[in-house]
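Readers should treat all values here as calculations from the given coordinates under stated rules, not as data from a laboratory. In this text, all values refer to a predicted model and were calculated from it rather than measured experimentally. Counting neighbours? That spans all protein chains shown, and the Cβs are built from the backbone with ideal geometry, glycine included.
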Amino acid sequence: MQDAHDPTKSQQAPTQQQSPCPEPTPAPTPTPPKDEPCEPPPCPKPKPCAEWPKPECPPPKPHPCNDDDDDCDPPEVTPPVPTGDCCKLPQASDPLAQLAALQDHLKVEQHQAEQLERVKASIDDLTARISDLQKTVDGKSALAASYKEFYRTTEVMKSEVLCFIPTVRCQLNLSEGELTCINKAIRSADDAIANAKADLDAQRARVERYQRRWERASWKLGNAKSLYDFFTTDITKQVQATRDDLSAIKVLADPQKDRCVAEFYLREMEAELKSCYAQGSANACCFPPNELTIGSFLDCWSIDCYLAAYSRAVVEFNDAEWAEKCRKTLLDAATKRVTDLEKTYTDLVAKRRDTILASLKADGCCKSC
């Protein structure tokens, strides 16, 4: 009871109610930024398999017939097969009639001999083709395992290089003038290559086409062979060559040295990592003669898509080769393809980087380097 009337405590109560402004909440201590490693992007969802390519047809030569079918050719007259005893000559009442009968009989026998040669060639070819296809079927499991590991390591390499490019580019600190100079050097070299390629294409358009029947079979075989080589050997060769090139030029993109040169190599790496994949385009995945980039390879050729395309390429190649050999045996035709200006174009492509680097030095794009 004494506490209720304590004057000291009654005087302190108002003081507690009329306290000064509350103390501000202390600001949180800033956390120093962490050097977080470059995290790879999340696993991408598998894309639909690429559509089958539609290679460009060679420019047609003006001809009364607009199609490439055999309708424009006169029908082949097949002599009738003789009946009766094959060891007896055709009957005739006089030498003149017998001469005419023998001439007709000779034509029939010659036609049969031509067909017999074709059958003999067919038997040898089919025997070898069956043996090769059996080896292909037996080795498909090992091919799938090897390809799966190759695809996985390529995917890991892409993630590493994607982290490397922006990190080094930030260290270059290039000015607008330096970037313009680099763009000019690259554009000049690419324009020269494009002009050379245009000249080469124009010259190729002037080349006389082959004899039409054999040309059609040969053209189909060439495209089938290109895809066959692509899916059996070239796809891994192209990607491995790009991987080797990325490893080599990655070392050259050193911001401590020539910054313009480093930026050029970063762009080269970006070009080799880009993807041409676009659903709905038949040639979206950079089929030959286009260069297959790392990005296109990973987006287009998952293991299931690759095995399906590989099987189709084997079948279509065998079909096309068979048709071409049959035409070749019956007609005995040969062709040549003129490739003017090809050497100039090839040299420009092979020396593209050297040309750009020389231009960067000559123009003094990074004078402070």
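At a glance:
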read-out: In segment 101-166, lysine pairs closer than 29 Å at Cα, eight or more apart or cross-chain; value: 6
read-out: Most to least packed among 300-312, 184-196, 131-143 [average Cβ atoms within 10 Å]; value: 300-312, 184-196, 131-143
read-out: Rounded, prolate or oblate (a/c below 1.5 giving rounded, otherwise prolate when a/b exceeds b/c) for segment 90-237 by Cα gyration tensor; value: oblate
read-out: Surrounding net charge for SER275, when Lys and Arg each add one and Asp and Glu each subtract one, Cβ distance under 15 Å; value: -1
read-out: Most to least packed among 158-169, 218-229 [average Cβ atoms within 10 Å]; value: 218-229, 158-169
read-out: Mean Cβ neighbour count within 10 Å, used as a protection proxy, ranking 98-104, 293-299 highest first; value: 293-299, 98-104
